[in-house]
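The values are calculated or read from the model by the stated rules, or taken from the named source; none is laboratory data. Everything numeric in this text was worked out from a predicted model, so none of it was measured. A quick note on method: Cβ atoms are made from the backbone with ideal geometry, for glycine too, and the neighbour counts reach across all protein chains shown. The protein model used for the area step is the full one, side chains on, heavy atoms only, and it has no ligands, DNA or RNA in it. Shrake-Rupley method; radii C 1.70, N 1.55, O 1.52, S 1.80 Å.
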Amino acid sequence: MSNAETAAPVRIFAGTDTMGWTHRIGTAARGVAATVVPPLAVLCLMALIWEIVGSQPGASLPAPSKVLKDTMELIVHPFYDNGGNDVGMAWQLLASLKRVALGYALAVVAGVSLGVLVGQSTWALRGLDPIFQVLRTVPPLAWLPISLAAFRDGNPSAIFVIFITAVWPIIINTSIGIRNIPEDYRNVSRVIRLNGFEYFAQIMLPAAAPYIFSGLRIGVGLSWLAIVAAEMLIGGVGIGFFIWDAWNSSRISDIILALVYVGVVGFILDRLVAWAGRRVTRGTSVA
Amino acid sequence: MNKAYLELSDIHMSFTRGGRTTQVLKGIDLKVRQGEFVALIGHSGCGKSTVLNIVAGLLKASSGGVIVDGREVNEPGPDRAMVFQNHSLLPWLTVYQNVEIAVNKIFRDRLKPAERKEWVLHNLEMVNMSHALERLPSEISGGMKQRVGIARALAMKPKVLLLDEPFGALDALTRAHLQDEVMRIQSELRNTVMMITHDVDEAVLLSDRIVMMTNGPSATIGEVLAVELPRPRDRIALADDARYNHYRHQVLQFLYEKQRKVETFGAGRSAPAMASRAA
């Protein structure tokens, strides 16, 4: 095995063995610093400008220092529960997340199934794709009245709005992924005679996974966008209604805190799906 | 000729697209003995790949039939394992898993799990890939991918091994190594092999017979050349061998004098994607 292309691969990390562990920790710390320090610096600068502008007499929005002072109770007691809608921020966020989880899970199941159908069958594509293309442009909130009329209850309506918002990018990306499966993979499966289910599980899903996950990622982002708006209208517990309630009682600082939480949770959701996608599609996207 | 193991009889193939019908293959007749290594050579677009795809069962001939070991073939199957031009490994599976997926499916009822594992490892050993079992296709070189493709095909215990320009995408040195490996494996296993190539040296070096195809459309078998060089064959010794050069000369003469390629726009490119791929 001396020929060129079977030679053992070069150990890229061979060099690190000779380095001391203190050195390695130093390298890691520098890496963290490089990703954390710049956004932190920008954040501080923005807060400073906001502080200066917000501290002017007659400013309509509170400065960050005032926001912190006003919302300290909410920040330090995220889990309080005074009954009704008067619960801590963690409960509000969890209520919203629960709706998103339900609606999104339904959207994943329906979206991937319909995407596979549309990707597999030319007739399904011809029949369904134009309809999907029209329906996906309907704004999420436009679905709310009709779902309220259908379900006669706020909670299932909100879940339906999440579902209908997230389902389109999942369908469309899945069907594109299925259509883009190379003919060669199909031929391989035909030669070894995989049956329909084996082909679906062992070739189709993994081959389309990078596309499916980009749909899932867009979908989770849209769900989180839609839940806040939907909850403003349906009321009850939830971060959307919390914002609306705060506006109605002129608690501007609470709104700002809620926006920060909404942003952070949305960011985490996006990263979670991206991470899951990387785990599942290892190798596929780079090949 | 002895009893034919693989027999192609009067194969015609036409593709229809947009109301226009193009005849790609016209009356292909070929008999291959068990253990014989046959190369199909011809200019690109002549329908070589179409012939191979018909033998594989991936394409259905317009008329005529293929018989392997006394049985007509109508659909793809592991008895006619194919090594694809662009390796066709599944990128989300490791080297080991790419062979395992075929072995598990084909020998599920015949071999115990431990035996299947043993068989996967044995075939990867044969192509010298035991050192990279846990690597993904994206982490190994083009030559190594092709080795895994060969291992996957061999692991199916095919009656006929089909090679579709298996070394076409590789650099000259890697190609030479792999050709030597295929010769070594062939001398051990005595497979019946049908290989497509456009490389004259490769055809003469590896084959027992070279089937030369005329230009398409309506391509057919022009000449068949029996290569009676003793095995094992050594490329360096043969480079200066009069018989080797004579065979080489005959193939070149066929390709460049009798079947000089006339570049016509769109010729042979009207077939569906699979067949038109560097046929």
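Along the Cα-to-Cβ line of A:Asn180, 7 Å from the Cα, sits a label point; which residues in the range A:121-156 have backbone N less than 18 Å from it?
A:121
Under a 10 Å cutoff between Cα atoms, tell me which one of B:Asp199, B:Asp69, B:Asp109 has the largest fluctuation in the Gaussian network model of chain B.
Residue with maximal mean-square fluctuation among B:Asp199, B:Asp69, B:Asp109: B:Asp109.
Among B:213-223, B:95-105, B:179-189, A:20-30, how do they line up from the highest to the lowest mean number of other beta-carbon atoms within 10 Å?
So the order, starting with the most tightly packed, is B:95-105, B:213-223, B:179-189, A:20-30.
On average, how much accessible surface per residue is there in the range A:59-193, in Å², for a 1.4 Å probe, leaving out ligands, DNA and RNA?
Spelled out: the 1.4 Å probe surface of the range A:59-193, per residue, equals 51 Å².
Run through the DSSP bridge list for chain B and note the antiparallel percent, rounded to the nearest 5.
55 percent
Is any residue of the range B:78-106 close enough, with backbone N under 16 Å, to a label point placed 7 angstrom from the Cα of B:Ser130 along the Cα-Cβ axis, and if so, which?
Flagged as within label range: B:96.
Output ³J(HN,Hα) for the range A:180-185: one whole-Hz value per residue in order, computed from phi by the Karplus curve 6.51 cos²θ - 1.76 cosθ + 1.60 with θ = phi - 60°, and x for Gly and Pro.
8, 5, x, 3, 4, 5
Consider a paramagnetic label point 7 Å from the Cα of B:Ile67 along Cα→Cβ; state which residues of the range B:140-172 have an amide N under 16 Å from it.
Answer for this model: none.
For B:Lys31, give me every one of the aspartates and glutamates with a C-alpha distance below 20 angstrom, ignoring sequence neighbours fewer than eight places off in its own chain.
List returned: B:Glu7, B:Asp10, B:Asp69, B:Glu72, B:Glu75, B:Asp79, B:Asp164, B:Asp208, B:Glu223, B:Glu228.
Can you give the angle from 0 to 90° between the axis of helix A:205-234 and the longest principal axis of chain A, with both taken from C-alpha atoms, to the nearest 10?
Its long axis makes an angle of about 20 degrees.
What accessible area, in Å² to the nearest ten, does a 1.4 Å probe give for A:Leu135?
60 Å²
Once you order the gyration tensor axes a ≥ b ≥ c over the Cα atoms, which shape class does chain A get: rounded for a/c under 1.5, otherwise prolate or oblate by comparing a/b with b/c?
oblate
Taking amide H positions as placed in the peptide plane 1.01 Å from N, state which residues far from B:Gly222 in sequence (5 or more) or on other chains have amide H under 5 Å from it.
B:Met212, B:Met213, B:Thr214
Check B:Leu229: other-chain or 5+ apart residues with amide H under 5 Å from its amide H, H built from backbone geometry?
none
Report in % the part of the accessible area of chain B that belongs to carbon and sulfur, leaving out ligands and nucleic acids; probe 1.4 Å.
49 percent
How large is ³J(HN,Hα) for each residue in the range B:105-113, as worked out from phi by the Karplus curve 6.51 cos²θ - 1.76 cosθ + 1.60 (θ = phi - 60°), to whole Hz, x for Gly and Pro?
Per residue, the Karplus-derived 3J(HN,Hα) values read 6, 6, 10, 4, 8, 9, 10, 6, x Hz.
Could you tell me whether the range B:153-233 comes out rounded, prolate or oblate from its Cα gyration tensor? Rule is a ≥ b ≥ c as square roots of the eigenvalues, rounded for a/c under 1.5, then prolate if a/b exceeds b/c, otherwise oblate.
Rounded.
Between their Cα atoms, which of B:Lys48/B:Lys145; B:Lys60/B:Lys159; B:Lys60/B:Lys145 are more than 21 Å away from each other?
B:Lys48/B:Lys145; B:Lys60/B:Lys145
Taking R0 as 60 Å, what's the FRET efficiency between A:Phe151 and B:Asp241 from their Cβ-Cβ distance, rounded to 0.05?
With a Förster radius of 60 Å, E is 0.10.
Please find, in a Gaussian network model of chain B (springs between Cα atoms separated by less than 10 Å), the residue of B:Arg108, B:Arg209, B:Arg33 whose mean-square fluctuation is greatest.
Of the options given, B:Arg108 has the highest mean-square fluctuation.
Taking the alpha-carbon distance from A:Lys69 and a cut-off under 17 Å, which aspartates and glutamates remain once sequence neighbours fewer than 8 residues away in the same chain are dropped?
Straight-line reach from A:Lys69, under 17 Å: A:Glu51, A:Asp254.
Using a 1.4 Å probe over the heavy atoms of the protein chains, calculate the carbon and sulfur portion of the accessible area of the range A:70-281 as a whole percent.
The value for the range A:70-281 is 69 percent carbon and sulfur by accessible area.
Which residues, if any, in the range A:177-200 lose at least 30 square angstrom of accessible heavy-atom surface (probe 1.4 Å) when the other protein chains sit next to their chain rather than the chain being alone?
Checking the loss per residue gives A:Asp184, A:Tyr185, A:Asn187, A:Val188, A:Arg190, A:Val191, A:Ile192, A:Arg193, A:Glu198.
Please label the shape of the protein assembly as shown as rounded, prolate or oblate, based on the square roots a ≥ b ≥ c of the eigenvalues of the alpha-carbon gyration tensor (a/c under 1.5 means rounded; beyond that, a/b larger than b/c means prolate, else oblate).
Cα axes put the protein assembly as shown in the prolate bin.
What ³J(HN,Hα) values, in whole Hz, does the Karplus curve 6.51 cos²θ - 1.76 cosθ + 1.60 give for the range A:269-274 when θ = phi - 60°, with x put for Gly and Pro?
Result, ordered by residue: 4, 4, 5, 4, 5, 4 Hz.
Run down the aspartates and glutamates and flag those whose C-alpha is under 15 Å from the C-alpha of A:Lys98, throwing out any fewer than 8 positions away in its chain.
Answer for A:Lys98, where 15 Å is the Cα cut-off: A:Glu231, listed by chain and number.
Compute accessible area for the range B:121-136 by itself and then with all protein chains, 1.4 Å probe, and report residues whose area falls by 50 Å² or more.
Buried on complex formation: B:His131.
Kindly provide the helix-only [θ] at 222 nm of chain B, computed as the sum of -39,500 (n - 2.57) over DSSP H runs of four or more divided by all residues, to the nearest 500 deg cm²/dmol?
About -10000 deg cm²/dmol.
Which residue fluctuates most in the GNM of chain A (Cα springs below 10 Å): A:Val76, A:Val273, A:Val228?
A:Val76
For the interface of B with A, what's the total buried accessible surface in square angstrom, probe 1.4 angstrom, rounded to the nearest hundred?
2800 Å²
I'd like the accessible area for A:Lys98, computed on protein heavy atoms only with a 1.4 Å probe and all protein chains in place. Round to 10 Å², please.
150 Å²
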